[in-house]
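Presented below is the structure to which this report refers.
Rule-based calculations on the coordinates, nothing more; no lab input. Just so it is clear, the structure is predicted and the values come from calculations on it, not from any experiment. Using ideal geometry, Cβ is built from the backbone for each residue, glycine included, and neighbour counts are taken over all protein chains shown.
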Amino acid sequence: MIELRNVSKEFVLHNQDSAVIPVMQGAELQVHPGECVALTGNSGAGKSTLMRMVYGNYLADDGAIVVDGVDLVQAEPRAILSLRRQSLGYVSQFLRVVPRVPTLEVVAEPLLRLRVERDAAIARAEELLMLLNLPQRLWSLSPITFSGGEQQRVNIARGFAHSYPALLLDEPTASLDPLNRAVVLSLIEAAKARGAAILGIFHDAEARAQVCDRSIDVSQFTPRAA
Amino acid sequence: MKDMAPDTGVLLSVRGLSKFYGPRIGCKDVSFDLYPGEVMGIVGESGSGKSTLLNCLAGHLPTDHGEVLFSGRDGGLRDTLQMSEPERRMLGRTDWAFVHQHARDGLRMNVSAGGNVGERQMAVGARHYGAIRDSAIDWLGRVEIAEDRIDDRPTAFSGGMQQRLQIARNLITGPRLVFMDEPTGGLDVSVQARLLDLLRGLVREMGLSAVIVTHDLAVVRLLADRLMVMKDGHVVETGLTDQVLDDPQHGYTQLLVSSVLQV
Ligand SMILES: Nc1ncnc2c1ncn2[C@@H]1O[C@H](COP(=O)(O)OP(=O)(O)OP(=O)(O)O)[C@@H](O)[C@H]1O
Ligand SMILES: Nc1ncnc2c1ncn2[C@@H]1O[C@H](COP(=O)(O)OP(=O)(O)OP(=O)(O)O)[C@@H](O)[C@H]1O
Ligand SMILES: [Mg+2]
Ligand SMILES: [Mg+2]
């Protein structure tokens with residue numbers, strides 16, 4: 001469902017003496033349906049960079065990144081947008097929303113964009129927010145003023161609203177209390193059970209051990225200094 | 001689950017569009033495709049040619065080179081630059097809409113709010129007074145203008161209200177493509193947020209396509225699927241909005257992105 005072949009990436013900082021920062025070379029990995037794979041490696045090893053490339057948020061310089069049959073390295077923006085709508089979900093570390101939009105709408109939006117009936121979309125959003133113990137009085141408010149943990153739960157609810165066949169999770173349990181952490185892990189288990197292919201970054205080793213089937217150390221793809 | 005968006009052919013296809021002001025470049029060799037339901041943002045510093053490009057696309061400025069192909073309701077692509085003036089004007093009232101930066105450029109300031117939106121409907125053939133007024137009230141409601149303001153003139157409205165009225169006037173006829181030049185420029189941040197929320201909702205509900213010019217990267221981050229970066233009349237970079245903002249490839253885009261605090 002998610003496959004990387006010989007992926008490389010460098011950053012060129014044009015306004016800083018055109019400094020070239022090679023961050024990845026020859027990256028290979030596969031995530032099959034029903035599997036959760038963890039990306040590991042030291043800070044700066046390139047975990048987030050790899051995940052962002054899989055989402056099409058960073059460009060890869062070389063290789064192939066195939067998700068649900070679409071090669072993100074070659075695809076037109078339009079194909080990537082459609083892939084993101086239907087097949088590829090991403091729970092980023094931080095929530096980014098349009099001001100003034102109520103939490104319920106934020107969570108239901110991925111479904112509404114897929115033209116799911118409004119009632120069904122809102123019902124699913126309510127179900128997830130309930131599960132993640134977000135107080136009901138917050139549902140009609142914009143999440144912009146929420147605490148870090150509350151925003152993170154909104155972000156997770158939004159990421160799990162639609163049953164994406166491929167899902168990317170960047171630190172989904174960070175800044176959560178034990179109770180909600182357990183809820184998130186059970187959501188991940190449920191997504192695996194329905195056949196989702198999941199790629200995750202977890203600094204929380206216990207969480208990783210609980211939901212991930214294997215780990216890939218990203219530092220093996222770090223280019224050696226010339 | 002299937003994506004139900006009517007994802008057919010291209011809606012707008014721009015090929016090698018150039019515009020010169022005498023020896024000076026307005027915009028040069030611009031090409032892109034826009035599909036139904038897509039929102040494209042155009043960013044760049046002041047004087048980079050954003051408004052020039054938008055006005056050429058909309059047929060408000062004569063173009064020196066290139067084609068602006070638009071897919072009509074019959075499905076065929078036609079070069080709008082070759083259309084007769086009446087044909088293009090009709091397009092501007094039906095399938096196209098243009099939201100100006102300054103609401104007063106897009107409104108009739110001496111006509112009531114209801115008249116401003118009703119006039120548009122009559123221009124496309126609506127005749128029944130009651131129906132026109134009902135739909136005017138409906139649209140004023142959608143842009144959050146209270147029904148009891150329907151007989152007020154735009155001069156009595158705040159800047160944000162004028163902008164919302166302009167949007168209602170433009171969208172009431174159900175266009176398929178909207179051009180916007182700095183639609184949130186000059187408004188307070190809180191008013192901007194409201195307008196953004198409104199625009200996003202309308203784009204989604206109506207399946208609109210839009211080309212939005214702005215210098216505000218936060219605005220395009222929230223509204224645009226795709227981004228085009230202009231400098232000195234040239235397009236220097238294009239791509240998915242979040243990709244261009246988070247992993248800019250061109251030195252100028254890197255400068256643009258790193259000059260703002262956080263987007
Ligand atoms: N947009 C960018 N522009 C320039 N360099 C970047 C960019 N994003 C990441 N990098 C660099 O790429 C390298 C890998 O960073 P990345 O964020 O992927 O690491 P990580 O493994 O996720 O680390 P952490 O565990 O700290 O989150 C770092 O040297 C980082 O500075
Ligand atoms: N009518 C005109 N005659 C001559 N030059 C013009 C005319 N209109 C614009 N220009 C020039 O063309 C260039 C592009 O202008 P344009 O208005 O398209 O920029 P812009 O990107 O919209 O800028 P801003 O962000 O300030 O609105 C500028 O150098 C401008 O001075
Ligand atoms: Mg990281
Ligand atoms: Mg301008």
Quick one: P(r) of the stretch B:36-166 from all Cα-Cα pairs, 10 Å bins, percents rounded to integers, in order of increasing distance.
11, 34, 33, 20, 2
Tilt of helix A:178-193 relative to the longest C-alpha principal axis of chain A, in degrees (0 to 90, nearest 10)?
70 degrees
Where in the stretch B:26-48 is the amide nitrogen less than 17 Å from a point lying 7 Å along the Cα-to-Cβ axis of B:Arg15?
B:29-35
Using a 7 Å offset from the Cα along the Cα-to-Cβ direction at both B:Asp64 and A:Arg224, what is the distance between the two label points in nm, to one decimal?
5.4 nm
For the stretch A:1-152, rounded, prolate or oblate, judged on the Cα gyration tensor with a ≥ b ≥ c (square roots of eigenvalues), a/c < 1.5 rounded, else prolate if a/b > b/c?
prolate
Residues whose modelled amide H sits under 5 Å from the amide H of B:Glu237, counting only those 5 or more places away in sequence or on another chain, are B:Val229
Could you give the angle, 0 to 90 degrees to the nearest 10, between helix A:77-86's Cα long axis and the longest principal axis of the Cα atoms of chain A?
40 degrees
In sequence order, what are the phi-derived ³J(HN,Hα) couplings for the stretch B:46-54 according to the Karplus relation 6.51 cos²θ - 1.76 cosθ + 1.60 with θ = phi - 60°, rounded to whole Hz, with x for glycine and proline?
4, x, 7, x, 5, 5, 4, 4, 4
Show me, for the stretch B:128-134, the HN-Hα J-couplings you get by feeding each phi into the Karplus relation (A = 6.51, B = -1.76, C = 1.60, θ = phi - 60°), rounded to Hz, glycine and proline as x.
7, 4, x, 5, 4, 5, 4
Kindly count the pairs of lysines across the protein assembly as shown whose alpha carbons are less than 22 Å apart, treating pairs on different chains or eight or more residues apart as eligible.
9
Out of all DSSP beta bridges in chain A, what portion is antiparallel? Express it as a percent rounded to 5.
50 percent
Which length gain, in nm to one decimal place, applies between B:Asp232 and B:Ser46 when the Cα-Cα distance is subtracted from 0.36 nm times their residue separation?
66.0 nm
Amide proton proximity set for B:Val211, modelled H, under 5 Å, gap of 5+
B:Met40, B:Val178, B:Phe179, B:Met180
On average, how many beta carbons from a partner chain sit within 10 Å of the beta carbon of a residue in A:54-61?
3
Distance between modelled label sites at A:Glu28 and A:Asp61, nm, 7 Å Cα→Cβ extension
2.0 nm
Nearest 5 percent is fine: what portion of the DSSP beta bridges confined to the protein assembly as shown is antiparallel?
50 percent
Once B:Ser84 and B:Arg153 are pulled to full extension, the length gained, defined as 0.36 nm per residue separation minus their Cα-Cα distance, is 21.5 nm
Virtual spin-label span in nm between A:Phe11 and B:His102, 7 Å along Cα→Cβ:
4.2 nm
Hey, for a label at A:Asp204 modelled as a point 7 Å past Cα toward Cβ, could you say which residues of the stretch A:25-67 have their backbone N under 17 Å away?
A:36-40
What FRET efficiency would be calculated for the residue pair B:Val111, B:Arg200, taking the C-beta separation as r and a Förster radius of 22 Å, to the nearest 0.05?
0.20
Antiparallel as a % of all DSSP beta bridges within the stretch B:170-263, to the nearest 5?
55 percent
For chain B, what is the largest minus smallest coordinate of the Cα atoms on each principal axis, given in angstrom and ordered from greatest to least?
55, 51, 43
Any idea what angle helix A:148-161 forms with the longest principal axis of chain A, computed on alpha-carbon atoms, 0 to 90 degrees, nearest 10?
90 degrees
Assuming a viscosity of 1.567 mPa s and a temperature of 4 °C, what translational diffusion coefficient in µm² per second does Stokes-Einstein assign to the stretch A:31-89, Rh being the Kirkwood radius over Cα pairs?
105 µm²/s
From the mean inverse distance of alpha carbon pairs (Kirkwood) and the Cα radius of gyration, derive Rg over Rh for the stretch B:143-263.
1.02
For A:Val73, distant residues with modelled amide H under 5 Å away:
A:Ile65
